[in-house]
Amino acid sequence: MNRTLIAVAITATLAGGYLVWRWAERKAEPAMPPAGACGPLWVTDPEMWPPEARRTIRAIDVARVRPDPADLAARVAAAEKDRRELRTQAGIAEQPAPIEVFVRGTFAGGRASLAARRNAAGDWLVESLEEDLQGMQAPFGRKLTKQWVAIGGDAAARLDRLLADPCLYAEPTYLASKVPVVGGGDEECLDGGDTVVVINHAGRTRKAFQACAARGKTGELVSVLYEALP
């Protein structure tokens, strides 16, 4: 067999192996659910309200949500820039993570960056950087708090379930503070910070912006990370 045939054989073998790997990777991805299979997405979390008030909380009409790809891209870019600034301020080297969350306060001010990745033991490690811009708590300017915590057990299992849940990836990627609600009209949330979530996990990518407060599966994922912190 001459060198040309050997080269062709090697190339074909490598290409075949790559296709098998990609097929296996895609097969492992959660399938997208049919429309309406994921349940309602609420304007705010009903659990935050007493039972007698929950009937007034309305579900978002996802079919009428109008995404803004340009604004989403701008907000993700701004969040990544702010994350780099916080990491530089904290003296931490840049390191990619499969889950990144950035929250910017609206009225209270401040910004926070969360990153989650697995450590050598296989547990999820959550890195938190929070910068407080409130004058009374940071009278000399900006106060940066950094902490790391490994989470396992129920919290880690809950995080894994969320990352494998196709409904997480089916949620709208862009939710403004004013959203259309089921039955007509709009409802606006005026409290809470703006949240950017970037997920790169098991072959799936999700970049999402939610004004006011994180909602749905996206909000649950953010809550799992925050609840892990002391």
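Right, residue 193: closer than 24 Å to residue 118 by Cα and modelled with pLDDT under 90 or not? Taking the combined requirement at face value, the residue does not satisfy it. Kindly indicate the residue of region 25-37 that is in contact with a helix residue (DSSP H, G or I) (Cβ under 7 Å, 6 or more places away or on another chain) and either modelled with pLDDT of 75 or more or among the aliphatic types (A, V, I, L, M) (or both) and also farthest from residue 178 (Cα to Cα) among those meeting that condition. Among those that are in contact with a helix residue (DSSP H, G or I) (Cβ under 7 Å, 6 or more places away or on another chain) and either modelled with pLDDT of 75 or more or among the aliphatic types (A, V, I, L, M) (or both), it is 31. Could you check region 195-212 and list, in sequence order, the residues that are open to solvent by less than 40 Å² (accessible area, probe 1.4 Å), touching a helix residue (DSSP H, G or I) at 6+ places or on another chain (Cβ under 8 Å) and not basic (Lys, Arg)? 195, 196, 197, 198, 199, 208, 209, 210, listed by residue number. Counting only strands (runs of 3 or more DSSP E) wholly contained in region 168-230, the ones carrying 1 or more residues that are among the basic types (Lys, Arg) occupy 178-180, 204-210. Every condition in (1) farther than 17 Å from residue 115 by Cβ; (2) modelled with pLDDT of 90 or more; (3) among the aliphatic types (A, V, I, L, M) holds for residue 213 except the one numbered (2). The residues of region 49-63 that are open to solvent by 80 Å² or more (accessible area, probe 1.4 Å) and in contact with a helix residue (DSSP H, G or I) (Cβ under 9 Å, 6 or more places away or on another chain) amount to a single one, 54.
Spot the failing condition for residue 179; the list is (1) buried (at least 20 other Cβ atoms within 10 Å of the Cβ); (2) without any contact (Cβ under 8 Å) to a residue 12 or more places away in the chain, and only one is missed. Among (1) buried (at least 20 other Cβ atoms within 10 Å of the Cβ); (2) without any contact (Cβ under 8 Å) to a residue 12 or more places away in the chain, the lone unmet condition for residue 179 is (2). Restricted to region 118-149, and to residues there that are in a strand (DSSP E or B) and modelled with pLDDT under 80, the residue that is least open to solvent (accessible area, probe 1.4 Å) is 132. Per the conditions (1) β-branched (Val, Ile, Thr); (2) closer than 22 Å to residue 80 by Cα; (3) open to solvent by 40 Å² or more (accessible area, probe 1.4 Å), the sole criterion not satisfied by residue 218 is (3). Taking the condition in a loop (DSSP other than H, G, I, E, B), open to solvent by 60 Å² or more (accessible area, probe 1.4 Å), modelled with pLDDT of 75 or more and closer than 18 Å to residue 220 by Cα, does residue 67 pass? For residue 67, the condition - in a loop (DSSP other than H, G, I, E, B), open to solvent by 60 Å² or more (accessible area, probe 1.4 Å), modelled with pLDDT of 75 or more and closer than 18 Å to residue 220 by Cα - is not met. Residue selection: residue 216 satisfies the criterion of being touching a residue at least 24 places away in the same chain (Cβ under 8 Å), out of contact with any helix residue (DSSP H, G or I) (no Cβ under 6 Å at 6 or more places or on another chain) and within 20 Å of residue 66 (Cβ to Cβ).
Residues are listed down the side, and each one gets a yes or a no for (1) in contact with a Leu (Cβ under 7 Å, 6 or more places away or on another chain); (2) modelled with pLDDT under 50; (3) part of a helix (DSSP H, G or I); (4) farther than 30 Å from residue 114 by Cα:
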site	(1), (2), (3), (4)
16	no, yes, yes, yes
21	no, yes, yes, yes
39	no, no, no, no
63	no, no, yes, yes
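The values are calculated or read from the model by the stated rules, or taken from the named source; none is laboratory data. Fair warning: this is a prediction, and the values are worked out from it, not measured in the lab. Methodologically, a virtual Cβ is constructed for each residue, glycine included, from the backbone with ideal geometry; neighbour enumeration extends over all protein chains shown. In case anyone asks, the SASA skips ligands and DNA or RNA and just uses the protein heavy atoms, side chains included. Shrake-Rupley method; radii C 1.70, N 1.55, O 1.52, S 1.80 Å.
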